[in-house]
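First comes the structure, then the notes that go with it.
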Amino acid sequence: MPAAAELSTFNRSDALARLESEEFDVLVIGGGITGVGVALDAVSRGLRTALVERDDFSSGTSSKSSKLAHGGLRYLQQREFGLVYEALYERTVMLRNAPHLVRKLPFLIPLLSRDGLINPKISRALGSALWMYDLTGGARIGKLHKRISKSEALEHMPTLREANLSGAYIYYDAQVDDSRLTLTVARTAAEFGAAIANHTKVVSLNKDSSGQVSGATVEADGRQFEIKARAVVNAAGVWSDSIRAMDEGKDPHSIRPAKGIHITVPWSKVRNDIAAIIPVPMDKRSIFVVPWGEHTYVGTTDTDYEGDIDDPQCTPEDISYCIDAMNLVMSEKISESDVTAVWAGLRPLISGGTVGNKTTDLSRKHGVSTSDGGVTTITGGKLTTYRRMSADTVDRVADRLGINAKSRTKKVPLFGAEGDHGSDEHLAGRFGSASREVAAIASSDPALAEPLVEGLPYSRAEAVYAVRFEMAQSLSDVLERRTRSRILARDASLAAAHSTASIIGAELGWDLSREQAEVSAYQASIEHERSVGGLPAAATDNGFGA
């Protein structure tokens, strides 16, 4: 990355002007983790690169994952050894290239039974699986799994039902804020020279006289214009079939969406100092229980989804699934009234990869294809393997364009990774070396050093920084993705909606009616989520209601 990076390189107005006036080697459609990864891989090889996202960066699947950089222990059961090896290798790359964002995280696997005596065969089988995980690449994190006693397990998660616990295993993976990772990859691509803009929708694909794609017509801020590009990459995730339909004239039905949901509860209800994997006897799956500051999130589910892909929601059944699974193993029960937030996302699984009838049986491998019209589509995959997916995609594009340039991203530090991260642990863990700019904003006005949302660690300065330097354009951009307020404390974030809209409105030049419209839209979204999920009018969190 250029040594003297300018903050202004990630400026939407400048990017829109470039998109309209310049010609590009490749236009990437989609601002999720795969799309921004493709943009970084392409521009770091020297390709003139553009990217557009119709909503906000990571507004789809890439903000709604389990927020883990992991190999996927369960994929060993499906004999997906290559996928596990690849994911564990990429986890190592993420830890090296983004040490400010990706953190090692121990996982507890409790050995549970009805009478407190675990079946020796089950224990040995689990131990063997963990050895295989370590040997496949898990040990690259610097630690091997280990068996611990019942008392040690309770030290890590004292709410486990003691009578059913006989011991536990601990193994190691990593945690990452998916939205922040996506945004940081986008900023890194911009530092290399990519023209990147969110809230810019593709209206149509353009083709030359021979039927080959030559760019796209997009709409931004109520105005349409053409982007000229020699190649187009479709990285639209669960929406990729709609882009393919623009190109091919029909819907290929290549994506089988699988819904995954999570719930958030106060950390005090679980008191786990490390993550845990809890078995779910109802369907022989397991769920993650992951601490995140003063909260713990629980998930995920894996179910077929046939609804509106623009509006996946948590149903009462989804929420009960997570609560019931927790209550089977916990001595202290949790209930719907303890749920402070929920989120639902869709995995863009490849429908042709079926090895069974359930979405849990669909492979998490990725696929790259190029149409007769020259549009390259990337589908499938996992958050952890985004870099490898991106490299494979750009390899295909480079071959088509006759460009001999290899991927460099194995050794490209992400924005903020290098330099002094400062002494503020919260800011350093979100911004790395850019934390000094956030701190400077907070120092410029004592009011901006105040909390953005009561009970959460984010400051008002972070909202200002999000608008000035992270392309935040809406209230949801700030409260859902630049900060994770909504998925930690839904009602507290709503209580802060007016003040947050005022802060970012001053930066964006909003009038009072626009501020109110943003607040109303945010409130309507939360009320819709609450209604579909059958959640109480106000969750027990910081004393705030709607």
Worksheet item: Residues in region 224-265 near a label at Val203, defined as backbone nitrogen under 18 Å from the 7 Å Cα→Cβ point?
Response: 224-229, 243, 246-247
Discussion item. Quick check: the angle from helix 81-97's long axis to the longest principal axis of the chain, C-alpha only, nearest 10 degrees?
Written reply: 70
Worksheet entry | Helix 386-401 axis, angle to the chain major axis (alpha carbon atoms, nearest 10°) | 30
Worksheet item: What angle, in degrees between 0 and 90 and rounded to the nearest 10, separates the Cα long axis of helix 435-444 from the longest principal axis of the Cα atoms of the chain?
Response: 80
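For a Förster distance of 41 Å, can you work out the FRET efficiency between the beta-carbons of Ser123 and Asp304, rounded to the nearest 0.05?
On the way: r = 33 Å, r/R0 = 0.81.
Plugging the Cβ-Cβ distance into 1/(1 + (r/R0)^6) gives 0.80.
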Worksheet entry | Placed amide H near Lys365: partners under 5 Å, 5+ positions off or other chain | Gly381
Practice prompt. Pop a pseudo-label 7 angstrom from the Cα along the beta-carbon direction at both Asp424 and Tyr85 and give the gap in nm to one decimal.
Written response: 4.5
Worksheet, complete the sentence: P(r) over all Cα-Cα pairs of region 425-533, 5 Å bins from 0 to the longest distance, whole percent per bin, short to long, reads 2, 13, 24, 25, 19, 9, 5, 1, 0
Worksheet item: Between Asp511 and Ala163, 0.36 nm times their residue separation minus their Cα-Cα distance comes to what?
Response: 119.3 nm
Worksheet item: Which of the aspartates and glutamates could a cross-linker span from Lys250 if the Cα-Cα distance has to be under 15 Å and same-chain partners fewer than 8 positions apart are dropped?
Response: Asp241, Asp372
Practice prompt. Using the Cα centre as the reference, give the magnitude of the dipole from point charges on the C-beta atoms of the chain (Lys, Arg: +1; Asp, Glu: -1; all else neutral), rounded to the nearest 20 debye.
Written response: 2240
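Whats the longest run of the chain with zero GluC sites (Glu not before Pro) that are DSSP loop and have at most 10 other Cβ atoms within 10 Å? Don't jump to the answer; show the numbers that get you there.
On the way: sites that count: Glu6, Glu306.
Maximal segment without exposed cleavage sites: 7-305.
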Worksheet entry | Cα convex hull of the chain, projected area averaged across orientations, nm² | 24.2
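If you count, for each residue, the other Cβ atoms within 10 Å and average over each peptide, how do 234-242, 126-134 line up from highest to lowest? All intermediate terms of the calculation are to be shown ahead of the outcome.
On the way: 234-242: 24.1, 126-134: 17.0.
Top of the packing list down: 234-242, 126-134.
A short reminder: the numbers here are calculations on the coordinates, not readings from a lab. All figures in this text were calculated on a predicted structure; none of them were measured in a lab. Here the Cβ is made from the backbone with ideal geometry for all residues, glycine too, and neighbour counts use every protein chain on show.
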